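A short worksheet on the structure shown next.
The values are calculated or read from the model by the stated rules, or taken from the named source; none is laboratory data. Fair warning: this is a prediction, and the values are worked out from it, not measured in the lab. With ideal geometry, Cβ positions are generated from the backbone for all residues, glycine too; neighbour counts draw on all protein chains shown.
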Amino acid sequence: MSQRRACQALRIDRSTVRYTAIRPDDATLREAMKAVAAERRRFGYRRIHVMLDRQGIVMNQKKLRRLYREEKLQVRKRGGRNGALGTRRPMLVPDCANSRRSLDFVSDTFTDGRRFRVLAVVDDYTRDCLSLIADTSLSGLRVVRELDTIMRWRGRPAMIVSDNGTELTPMAVLRWCQQTGAESHYITPGKPMQNAFVESFRPRGRKCFERNVHRRVRSCVRPVCAAHT
């Protein structure tokens, strides 16, 4: 039977039978995606989508997920906390205020055994402690709100440096860096010396916690602020 008669019997157009899907060449998109994945090894396809969008590469997230799987870039799940591995580029020495800000956490417990954490934000050039926020839970959204507060009175930072803690690697912090234009830099796991400016604040804060007894969140920051100033 000819193709014409077969199409008439099935009541479909011959153009439909002869149609061949033509997909655009995604070589450029694949190379850009693999470049971001090589630099940020713990980033999944959602975070890679944000980084590509920052570079001006507009792509549907479903298409990115398909290419992400075809290139076998899936991040293997590991036990414990999942964090983003920092870039391999060496950090430059800050040459002015707001050129780089470091974030870190100090932990301790109340008298009743509950755990609390203190977020410290330090300007690496002036060595000023810009913020000390204590709470029993500090999520990524809470960190972003504090960064917004600092930016309103201090200005926008050129770079944000932090470790791979779960509070500092979520999408909320990455979105904030994209919206403000600040570069995010994660130190290599197990290398706290790469974040030495704010890490030097940690032992002083811990000494203050050991000398004082804390029963509520409000009483945590006062002795640390006094010791830092």
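Can you list the strands (runs of 3 or more DSSP E) lying wholly within region 101-147 that have 1 or more residues being crowded, with 22+ Cβ neighbours inside 10 Å and at pLDDT 85 or above?
Numbers: elements: 101-109, 115-123, 129-135.
Correct list: 101-109, 115-123.
Identify the single condition in (1) closer than 19 Å to CYS177 by Cβ; (2) under 17 Å from the mean Cα position of the chain (by Cα); (3) in a helix (DSSP H, G or I) that ALA38 does not satisfy, given that it satisfies every other one.
(1)
Being over 15 Å from VAL173 (Cβ atoms), in contact with an Asp or Glu (Cβ under 6 Å, 6 or more places away or on another chain) and not acidic (Asp, Glu) narrows it down to one of ALA120, ALA158, so name that one. Break it down stepwise before answering.
Details: ALA158 fails: in contact with an Asp or Glu (Cβ under 6 Å, 6 or more places away or on another chain).
Residue meeting the stated conditions: ALA120.
Please determine, by comparing only the residues of region 50-65 that are part of a helix (DSSP H, G or I) and closer than 11 Å to LEU29 by Cβ, which one is farthest from the chain's Cα centre (by Cα).
This residue is LYS63.
Output the qualifying pairs, or none if there are none: Cβ atoms under 8 angstrom, residues six or more apart or on different chains, first residue in region 93-107 and β-branched (Val, Ile, Thr), second residue assigned to a loop (DSSP other than H, G, I, E, B).
If the second residue must be assigned to a loop (DSSP other than H, G, I, E, B), no pairs are left.
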